[in-house]
Each structure stands twice: as C-alpha cells, then as structure tokens.
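Working notes for the structure below.
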Amino acid sequence: MNNLVQKYFPFLIKLRNIRIKFQNYLSNIAVPDYTLFSFFAILTGALAGLAAVFFHHSIDFFNKLFFEQTTEGLFFLGTAAVIVLPALGMLIQSIMIYASPIISKRRGVAEVIKSVTLRGGYIPFRTTLFHFFAPVICIGSGGTVGPEGPAAQLGGGVASKMGNLFGLSDARRRMFTAAGSGAAIAAIFNTPLGGIFFALEVVLLNDFQSATFSALILASVTASAISRIFLGDASVFTFSIPEIVDYNAFYFYAIFGIITGIISLLFISYSTSSEKYFSKVILKKFPQWAVMVAVGLIVGACGYFYKEIFGIGYTAINLILSGSLTWKVVLVLLAMKFILVPLILHSGGFGGLFAPSLFMGACVGFLFAFGINSIWGTDLDITTFVLVGMGAMLGGINSIPISAILIIFEMTKEYSFILPLMLVVVISTTIVQLVLKGSVHVKHLENEGYRISSGRETNLLRTINVDEVQLEKIMTVKEGATLPELVSKLLENPQSTFYTVNNEGKITGVITENELRPIISEYENLKDVILARDIANNEVIKVFSSNDLDYVLRLFGKKNLDEFLVVSSKDHDNILGAITRQDVISVYNKESFKHNIADNIASELMAIEKSKVSRVADGYSITEKKAVPSFVGKSLVELRIRNKYGLEVLMIKQSSSPFSDDTSGANIITPDPNYKIQRDDTLVLFGSDENIKKVDNW
C-alpha cells in the first residue's frame, strides 16, 4: 500500500496544483458567481446523464452476457440453465462484498442522504465504482430489482467527484451531489421533473432552498436531454390511450388508493422484518455467499416458470397493459415480486425499489379493476388502473408523492388520467406516512441511528448542552437610549442583537437589526423622537444552560432569531451570556467532522483489538472500551461521557454473542443519545491521547 501511495503521490500533487491554477484562473477573469453556478449545475447534469446512459447499456450488456453467452456454456442443463444464472450473479456479488465489506454497506439512496447531510456531499469514488458494477451484475443476471436507487447513488457519486476535482466548497458540493442524484433519476426514467422532485423529496428530505432548486432544474434537464440523445425519447410503456375518466366512479379510485396504501405498508413491514431476520439470524448462522446463492436459486426457479419475473420488469408491465396476461399469472407475478425483492436486497444483493414498486402497482391495478368488473359487472378501464396503480405503489413504498405523480405522467406522456393518479397517490402515500409517522427513508435512517432535520443530523447536537459552548458577551443599552446612540452602538460592535436594561440593570427587551432597519430609513425624522424602549421587543427568549443544542437549533428556526440569552438552570436570574445560531452551527460542523473521521476509518474500527489504541492524528486516537456494569441500562445522555471524560462515543459494537468478548463479528451501530447501554456493548471512543489514558481502568 505504501509503494502504491508513493507511486501515485506525485500525480495527486500535480492534480491538486492544476485545480488550484484553475480556481485562480476563474477568480482572475472575474466570472460572475451565478455563471459559475450554472456551469457546474449543467456539468453535473451532463456527467450524471452520461453515467446513467452507461449504466443502462451496462445492464443490457450483462443481461446478454448471462442469458445468451452463459446459457450457451451451460447447455448441458438445457432450459433449466436459467435457474443457475441469478445464483451465479449473487455469487459474484458475494465475492465483491467479501473483498470490500465496508464499501458494500454504503448502498443506495440512504447513503446519498447521509453524504449530503453529514459529509458535505462527499462520496468516495471507489464507493461509486463498486455500486456501479454490483447492481449491474445483479440486474443483468436476472435479479428482480430496479436500477433507479443505484443510479441515484451513481449520479451523486459522479457529481461529488466533480466537486472534489474543482475544489468546490462543502455547501456547493452538497448541493451538486443532490442535483447529480436527481439528474441520474431524470436520465434513467427520462423524466426531468421527476428527477427534480426526487432529489427534493428523498435526498434533501424536503429541505427546500431556492439555490438548490435552480441547480436541480439545470442538472435534471441536462441529464434528461442527454438520455434522449442516446436512449431515445420513446416511452418505455406501450398502451392504448385510456378512456376519458368517468368522474362518477371516483369513489373506486379512492378505495383503490386505500388498498394500495395498505399493500405498500405490508411490503414495507415485510421488507423491514426480513432485513432484521437476515442480519440477526440467517447471516449469523450461514456464510453470506451460501445465503445469496440460495436466494439466487429461488429467483431462478421462479423465473424458470415465469420468465417475466427476471430483471427490471418493464416488459412484463407492457404485457399487463396490453392484456396479454391472465389474472392468475398477474397474481402469481405480484406474489413473487413482493416476496423476492426483499430477499435479494437483504441477503446482500444490489438494486433499487422503484421498478419493483411500478411492477407491483401495475399488478395491483390490473387485479383491482379486473376483479371489480368481473364481480359487479362494471366497466372500469383496466389500463387506467394499471397506470394509476404504478404511481400509487411508487409513491407509497418510497414516500415520494410528487415525484411519483410526475414520473408516471412523464413516462407515459398521457394526461387523461392525471386527476385519479393524483388522488390515488396522495391517499396511498398519506396512509403510509400516517402509520410510519414520517417517510420510509427517515425511518430507515433512524433505525441506523441517524436523526435528520432541516438538512442536519440532529443526534450530533442532542448530547451537547449549552453550558459546553463558549458563550458570547451580551451587548446592553439603556431603555432611554436615543436612536443615534443605537445606530452608533450597532456600527461599533460586531453583534447585531442588543438588550435593553432598566435603571436596576434588569433586561427588559431585545433589539435586532429587523427592528432597526425600517426605522433607519426614516432616520432624520425619528432620530429625536425614538428611544430604545419604543422599538425593543419585550419577549426576550431565554434558554437554560442545561438545554441541548438540538433544542436550541430548532428554537432558532421556530422563533426566526439569531441569538438567545442563556440563563443558569439553577438560578434563572443569573444570565451567563448569549448563544448565537452560528455558534450552534459551528459546533455541528465540528461534530460532523469527528463523525466523518469515524466513518472514513470504519473498516479499521472492526479490526481494533479490545483496549488497543489506534492513532488517528498527532495527539488523537480511537480506542475500544467494554461498557462497565455501572453504564448498563443508562442512555448516553445520562452517562455524559463527553463531560466526564472528554471523549466522543463514535460507535457502539453490539456483541454477536453474549458469552464472548470477541467483537470482530459485532454489529456496529451509530449511537442514538437515548440508546440504553447493554451488558455486552463495547464503546468506540475518540479523543486526545491524554483523555484516553484516563479511562484505561474505568
């Protein structure tokens, strides 16, 4: 490894110098910021679009490789050769997982969300490459999953690499990584609007900002244009134009929306349960390669009898739309897709959920309309229900109501069923979110220990109290101060918030720039009339020294202020200072950086021996410590390890066996502040060497 680093180090230095020269060149020619912004947004879309096109062609290539050339090599099996193909693909993926266990876990849309939220949009390029080839092999060998989740990760990874090469700031790289993810979806589906709202609803978790929206538009439109150049503009679905919707039958669509919402919930529940069962039971008892091969054989056996189950499934959807399949076949295909997709993904296979959602939605729509027509003799248009069902299941399973509506609308290029589509998607998605109390993506992240709000991981702030932050000195003015005195004070001091005090020195109000700005416009008329008490806001927001920073940050957003007074938790009249929004954000950035260190060396954490120290930088190290008996049953908030020992709890290793001290096969989790320490837990701690020595015998 050292020889490899030495070999390529001069090249990396040259690359860095080229990047610096390019940045200097841009600053010298004084290119307007919006021009640069637009250039990088379009470049993001172009790169993500090309990557998506290459991804699409690679799936076709591997599909032909497996189902044509490999089948010829297995001629002695006859038609039964197709049973082996998915198993062979799963075996190859298991080898990739064995070779890169940490990278293999950084999969799908959840990884893009964590990248944008926690890592400034940074995605290692080797992660991008891994998650390009793994799903291509899975889908190409017949895996009944979709390409869209991996494509979103691919687009985000390419955009992240572009940001690194051009030395973009974390804020810009975060923005373009999200835009690249949405652009790849736009290219794969040929749906620019769908790509835009996918990035907003999923990657950014509805954290809307105007600059980000502009980047999403430029990137998605560019990617979609490139997709149309290389892949064509024809709809992937072929169907006869649906009849004009009979609005008297809207109650059928309402009922259908409820049914698709329930089925979406059942699928999510089954998928979540199977994920837990695989991780905690099956993969603990059996080698992963054996489990994956077994799942591949099950997929192959299903495909032997029903070949429509292989791969993405768009061909089968077209057969359903054309009425070429009987209701019995459609029912069997629905059951197979419902069962097999979680088995593939949670045993270790790679792929997305969008295409399976569309597939299941088409099946449910067909069965619903066919059943109603057969039982009650109605004349519901089956094609319309198939298309509406696709949108309903896509929105319900993935918590993307707006994206689902736009994706179906853009993919079909048909407007006649837009109203029932909107109704059914909204009902289905609402049912799912009411039961889950949030989106499926947020719940998935929470299960991993992440709690994201307004684009930030708030768990990082929940273990830090206000009294751990260096507070600002408060600026006061007399209640009777004149307007010229206020303006002079504002110009002389860096703070933009002042507190009025009475003759006894007690704070009676607060003045911010928002109160002063409209008055300054009438300065000449009001300078001899207005006093500080006239414009001060009597509602002075106070926070206690014991409040955590997550609460404070949410309060900043709720009150739309930039500074709060801090008072002692024991003596509410004792004013300790002030805390600003920027103070909290600075702490968040620092904590996020520490957790990035842990994430980047996660593979090393698995290898750290008990009580052995692993040096991270000069004066700072990572170590493991078994939870002492006094810790058991207490939460991280209650233990206050940061306060007592000056150490960060980066991760927690849950022992695979309650009777063993070996944590090499442990389950590593990101600590939630409310997580209760268990008897066999091992804490992964980060801090200065001096503080680590203090806990040698805790």
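List of remarks:
- The residue list TYR675, TYR620 contains one member that is modelled with pLDDT of 60 or more, surrounded by fewer than 17 Cβ atoms within 10 Å (Cβ to Cβ) and among the hydroxyl-bearing types (Ser, Thr, Tyr), which is TYR620.
- Residue that is more than 24 Å from the chain's Cα centre (by Cα), within 30 Å of ILE382 (Cβ to Cβ) and surrounded by 21 or more Cβ atoms within 10 Å (Cβ to Cβ), where the choices are GLY142, GLY195, GLY149, GLY232: GLY142
- Pairs are defined by a Cβ separation below 7 Å, a sequence spacing of at least 6 or placement on different chains, a first member in region 206-230 that is at positive phi, and a second member that is of a type in the set (Phe, Trp, Tyr) and modelled with pLDDT of 80 or more; no pair meets this definition.
- Selection status of ASP467, farther than 30 Å from LEU204 by Cβ, assigned to a helix (DSSP H, G or I) and under 42 Å from the mean Cα position of the chain (by Cα): yes
- Of the residues contained in region 165-173, one or more are found to be buried (at least 24 other Cβ atoms within 10 Å of the Cβ) and either modelled with pLDDT of 90 or more or in the same structural domain as ALA225 (by TED's automatic domain parsing) (or both).
- The residues in region 493-530 that are surrounded by fewer than 17 Cβ atoms within 10 Å (Cβ to Cβ) and over 26 Å from VAL567 (Cα atoms) can be counted, and the count is 12.
- From the list VAL329, VAL295, the one residue that fits, being surrounded by fewer than 19 Cβ atoms within 10 Å (Cβ to Cβ) and among the hydrophobic types (A, V, I, L, M, F, W, C), is VAL329.
- Checking each residue in region 507-532 for being of a type in the set (Lys, Arg) and under 17 Å from VAL477 (Cα atoms) picks out only LYS527.
- Taking region 468-511 as the range and being farther than 22 Å from GLU522 by Cβ and touching a Phe, Trp or Tyr at 6+ places or on another chain (Cβ under 7 Å) as the test, the residues that pass are ILE474, MET475, THR476, ILE507.
- Among the candidates VAL53, VAL82, residue that is at pLDDT 90 or above, touching a Phe, Trp or Tyr at 6+ places or on another chain (Cβ under 6 Å) and part of a helix (DSSP H, G or I): VAL53
- Flag for THR315 being of a type in the set (Val, Ile, Thr), within 27 Å of PHE62 (Cα to Cα) and without any contact (Cβ under 8 Å) to a residue 40 or more places away in the chain: yes
- Set side by side, the residues GLY89, GLY121 differ, and just one is crowded, with 22+ Cβ neighbours inside 10 Å and closer than 16 Å to VAL158 by Cβ, which is GLY121.
- The set of residues from region 319-338 being in contact (Cβ under 8 Å) with a residue 60 or more places away in the chain and out of contact with any Ser or Thr (no Cβ under 9 Å at 6 or more places or on another chain) comprises ILE320, PHE338.
- Condition met for VAL281 (over 21 Å from VAL364 (Cα atoms) and surrounded by 13 or more Cβ atoms within 10 Å (Cβ to Cβ)): no
- Just one of (1) in contact with a helix residue (DSSP H, G or I) (Cβ under 8 Å, 6 or more places away or on another chain); (2) surrounded by fewer than 24 Cβ atoms within 10 Å (Cβ to Cβ); (3) over 28 Å from GLY108 (Cα atoms) fails for ILE320. It is (2).
- Pair list, Cβ < 7 Å and 6+ apart or interchain, from region 570-590 residues that are under 17 Å from ARG554 (Cβ atoms) to residues that are in a loop (DSSP other than H, G, I, E, B): ILE579/VAL469; ILE579/LEU471; THR580/ASP562; ARG581/ASP562; ASP583/VAL469; VAL587/ILE464; VAL587/VAL469
- Any hit, region 422-430, residues being buried (at least 17 other Cβ atoms within 10 Å of the Cβ) and in contact with a strand residue (DSSP E or B) (Cβ under 7 Å, 6 or more places away or on another chain): no
- Flag if PHE366 is of a type in the set (Phe, Trp, Tyr) and over 15 Å from MET390 (Cα atoms): no
The values are calculated or read from the model by the stated rules, or taken from the named source; none is laboratory data. Note that this is a predicted model, so its numbers are computed, not measured. Heads up, the Cβs are rebuilt from the backbone with ideal geometry, glycines too, and the neighbour counts pull from every protein chain shown.
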